[in-house]
Structure formats: structure tokens, C-alpha cells
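Computed from the coordinates by the stated procedures, all read-outs in this text should not be read as laboratory data. These numbers come from a predicted model, not from an experiment. Cβ atoms come from the backbone with ideal geometry, glycine included; neighbour counts cover every protein chain shown.
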Amino acid sequence: MLEVNKDNFEVEVLNYTEKPVFVDYWGDKCQKCIELMPDVHKLEEKYGDKIKFCSLNTSQNRRLAIAQKVLGLPTMIMYVNGEKAETLTPDKINTVEDIENMIKKFCE
Amino acid sequence: MSHIYDIVIIGGGPAGLSAGLYASRAKLDVLVIEKEKFGGQAATTAELENYPGSIENCTGPALVERMRKQAEEFGTTFSKDEIVEVDFFDDIKILKGRKEEYRSKAVIIATGAEYRLAGFKNEIELRGRGVSYCATCDADFFEGLDVAVIGGGDSAITEALYLTKFAETVTIIHRRDSLRAAKSLQEKAFNNPKIKFIWDTVVEEAKGDEILESLVLRNVKTGEISELAVNGVFVFVGLEPKSELFKGKVEMDDRGYILTDRNMKTNVEGVFAAGDVVQKSLRQVITAAADGAVAAVAAEEYINEKFNK
């Protein structure tokens, strides 16, 4: 997974158009995010050819997260041509299947 | 034929982990199934300073990680799966998960409880966008910002105190004129310069364009409406049992809490329950852990009598 931050977010996510971009917003203190992470890495192995996988540590990039209207963890966002196409807020994420279901929609 | 466990425990919070520890120490073949994150609500609790022995490094995640390791050390096995259907009818219980089917001689239900919604307008729409139920998860965002906490119990006050490490101000909004939380917590809150109180008040609505900007408040005594500008609101107004799956299978009270006897037996033979999902007066990590121990020992006795004669 590509670690994105305030320095490369624009280039790697907002200006990237080759394929949809998935961003995993997580934080050091978010236990649920940390539990999900190995499974999200497995999703990258499975769908990485069709989707670009990124993760963003909100503990270190708070302003950027808030600018993306992320105020709760974990949050998963799909970007298409730099625009937010779908957002999973924490209440919509129970298991990794919820994340996989969103990703599948962008694999066509 | 799939493997038959002695005990399958549904739920990996303090009740389930403690049951796993006791059962595996009794040399039983025991599996703990967790669908989401091990540790349950305790894993998202900032500090658990009321759990005996938990003085150094008493954060929720640290404590439950120690519980999990301890259970694992004695042979408890774990599975990440979500049970979607149960059949308690026969001697061998069948649990259908999303990934596989599990069979066991006894079952311990330790699915716990989850936060209850406060019920104000836009609460669901602004979840994860300023409305939160997990201070440890989301506190980081609010460094230097203003937040509110709804509730007056132990959880609300503990989490409000935790939030003062990040936020500029923490306003506790409570529908009564006094707190229900432990006196020691109240004292800390009253003495904390970052904490303010708004009494006799409920939240009617959350306002904001994509992210939370303010709360509309109503004083329950005077009916007066006011608005409070905040960047975040944390809701701690009580719990709801996670017992939907067992409706019609085991006896519950009208709120959905499972009824057990003192040995954590439900009305169904071979099915036990432990922790927050059980009807009782005190829902804490220590009572959950205690329930888990009692349930594991009762399950062991049941298995010995039923299957090992």
C-alpha cells in the first residue's frame, strides 16, 4: 500500500487518473483500523491491478483528513479522477467484506 | 464431518476471552469467534482504571491484548468470522458463520452490547463526520477544537476526561441536573478547566454541511432552544445488547438482554451467556470477565456430565 500524506496526496490521489484510487484513512489509536489492516493488504493483492491502494495516517495528517471531510475512523474512500466516488464511514464498516463490496464496484 | 469443539464462544471481548482462558486451562478444546475486533468495547476505551491490577498501562487496548495473549497461551483458538445462524436444538450445537460452520458441545454467548444512538436529527448522516461513539478512535482529529459529550454516566465522563488531552473545550451535555458517574470521576471532571457543563438539556439536531458545525439544544425544563458551535460530538448514552441473532432461541427480557441463572446458564441446555449481553445491574470489564469464568466452569461441568459418562 502506498503511504500518502500531505506532500504527495495531490499527485497520488487527486491528480491520478489511470485507475480508481482507494484510500484507507486510519490512525495510531484506532484499534479497529489496525485490526482491519492485514485484510485490506490482502484486498490489494486481489484487486491491486484494477485499483490503486493507498493508506493515510490521520494522526500525522490531521488537516488533510479534515479537508477531505474525514472526522472519524476508520474511513475508506474511493476516488475516481480525483473526485470522491464513494465513502464508507465507520458505521458502515463492520468487517472487511464491507470494504471488499465497495472495491468490487469499481473493478469493472 | 467437521470438527466438534468442546466449547465455542461467540464474542472476543473480556467475557469471551476470560471464558476462553478458564476453558483452555481446563484442557477443553475451545474456540473464540470474533467478527470485528478482539476486546469488544474495552478495546476502544481510553483508560480502564477500575479494573483491579490494571494500574500501569491501563488503556483498554493494552488490557484486552494481555487477556487475549493469556488465553492463547493456554490453548484457546481464535477465528475471525461472523455467526449468522445458530441451531441450539440438539446436543451438538451448530453455528453457521460467514466463512464456515462450527459444531460444539456447549456454546457461550458473549456478544456484548453496543452504544445506543442519542436520537437527534442528522445523527446517522453525520456519523464519522463529527458525530462519534469512540473517543480513542477519533480524539486525534479534535486537537485544539471544541467538542461536546452527551451523557452523564461513567463512560461519558471517562471519555470526556480523555478528550481534554486533545480538544480545547469539552462541553458535557446532560439531560439531568446531576451526573450518574462515580464520584471520583465527577470530581476530576468538575476540577478540569477544559470541561464545561450544560445541564437539563438534550440535543435535538446536528447541523453542518458534510461535517458537523453545531448542535441544536433544548432545555428540558424551560423548553428554551439554543445552538452550540462544536466540531465534534461524542455520544455515550447507554447500551443495547447485541442479541438479535438469538431472538426466539434463548430467553431474554424485553430489552433483549439474555436471562441466565447464577451459573450463567440460559434456558437452553448447553447454552451459556456472559458479559454485557446478559441481564444484570453492572456492566463493567470486571463483571464481564467474572461471567466468562463462571460460564466456562459451568460449561465444563455440563460437558462432563452430558458427554463423558
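Across the range B:97-113, which residue is nearest to the other protein chains (Cβ to nearest Cβ) among those that are in contact with a Lys or Arg (Cβ under 8 Å, 6 or more places away or on another chain) and hydrophobic (A, V, I, L, M, F, W, C)? Only one residue fits best here, namely B:113. Among the residues making up the range A:71-88, a single one is among the β-branched types (Val, Ile, Thr) and more than 11 Å from the chain's Cα centre (by Cα): A:80. Taking (1) within 14 Å of chain A (Cβ to nearest Cβ); (2) among the hydrophobic types (A, V, I, L, M, F, W, C); (3) free of Cβ contacts under 8 Å to residues at least 24 places away in the same chain in turn, residue B:67 satisfies each apart from (3).
Residue-wise test of (1) within 14 Å of another protein chain (Cβ to nearest Cβ); (2) out of contact with any Leu (no Cβ under 9 Å at 6 or more places or on another chain).
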| position | (1), (2) |
| --- | --- |
| A:30 | yes, no |
| A:43 | no, yes |
| A:51 | no, no |
| A:57 | yes, yes |
| A:61 | yes, yes |
| A:67 | yes, yes |
| A:71 | yes, no |
| A:75 | yes, no |
| A:86 | yes, yes |
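Every condition in (1) closer than 29 Å to residue B:39 by Cα; (2) away from chain A (no Cβ under 14 Å) is met by residue B:245 except one, and the failing one is (2). Only one of the numbered conditions (1) surrounded by fewer than 18 Cβ atoms within 10 Å (Cβ to Cβ); (2) free of Cβ contacts under 8 Å to residues at least 60 places away in the same chain is violated by residue A:26, and that is (1).
Restricting attention to the range B:126-153 and to residues that are assigned to a loop (DSSP other than H, G, I, E, B) and either under 30 Å from residue B:20 (Cβ atoms) or without any contact (Cβ under 8 Å) to a residue 40 or more places away in the chain (or both), the residue that is nearest to the other protein chains (Cβ to nearest Cβ) turns out to be B:128. Screening the range B:281-290 for residues that are under 14 Å from the mean Cα position of the chain (by Cα) and of a type outside the set (Ser, Thr, Tyr) and picking the one that is farthest from residue B:40 (Cα to Cα) gives B:282.
Of the residues that sit in the range A:88-108 and are under 25 Å from residue B:114 (Cα atoms) and more than 10 Å from chain B (Cβ to nearest Cβ), which one is surrounded by the fewest Cβ atoms within 10 Å (Cβ to Cβ)? Going through the qualifying residues, I end up with A:101. Taken over the range B:240-258, the criterion of being out of contact with any Lys or Arg (no Cβ under 6 Å at 6 or more places or on another chain) and surrounded by 15 or more Cβ atoms within 10 Å (Cβ to Cβ) is satisfied by B:241, B:242, B:243, B:245, B:246, B:249, B:250, B:252, B:256, B:257, B:258. Of all the numbered requirements in (1) assigned to a loop (DSSP other than H, G, I, E, B); (2) of a type in the set (D, E, K, R); (3) within 30 Å of residue B:307 (Cα to Cα), residue B:56 misses one, and that requirement is (3). Residues in the range B:1-36 that are part of a loop (DSSP other than H, G, I, E, B) and surrounded by fewer than 24 Cβ atoms within 10 Å (Cβ to Cβ): B:1, B:2, B:3, B:26, B:27, B:28, B:29, B:35, B:36.
For the range B:224-250, a residue qualifies if it is among the acidic types (Asp, Glu) and part of a strand (DSSP E or B), and the qualifying residues are B:227, B:240. State whether one or more residues within the range B:77-96 are basic (Lys, Arg) and away from chain A (no Cβ under 14 Å). For the range B:77-96, residues basic (Lys, Arg) and away from chain A (no Cβ under 14 Å): present.
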